[in-house]
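A short worksheet on the structure shown next.
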Amino acid sequence: MGRGRYRAEIYSDDADTRWHDNPLPIDVRTETVRAAAVRRRRLVAGGGAAIRLRRSRH
């Protein structure tokens with residue numbers, strides 16, 4: 001990753017996600033970030049997250 005801004009598409013567990021009885025809710029966010037950005041996400045047991053980064057044109 002180089003300098004500049006990036007568009008981050010973040011897919012993670014929703015606040016209502018529960019492994020046993022409600023496993024499907026997903027929180028999807030789009031943020032503009034810099035290479036040094038740090039983001040924290042809450043994950044449920046058996047859950048996860050994915051982040052797709054693309055160089056921002058702005």
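The values are calculated or read from the model by the stated rules, or taken from the named source; none is laboratory data. Source: prediction; values computed, not measured. Keep in mind that these areas ignore ligands, DNA and RNA; they rest on the heavy atoms of the full protein, side chains included. Shrake-Rupley method; radii C 1.70, N 1.55, O 1.52, S 1.80 Å.
Choose one answer from Arg39, Arg29, Arg18: the residue with the largest mean-square fluctuation in a GNM of the chain with alpha-carbon springs under 10 Å.
Highest fluctuation among the options: Arg39.
Roughly how many percent of the accessible protein surface of the chain is carbon and sulfur, given a 1.4 Å probe and a whole-percent answer?
Solvent-exposed carbon and sulfur of the chain make up 49 percent of the total.
Amide H neighbours of Arg5 under 5 Å, at least 5 residues apart or on other chains, H built in the peptide plane: list them.
Ser56
Give me the orientation-averaged projected area of the Cα convex hull of the chain, in nm², one decimal.
4.2 nm²
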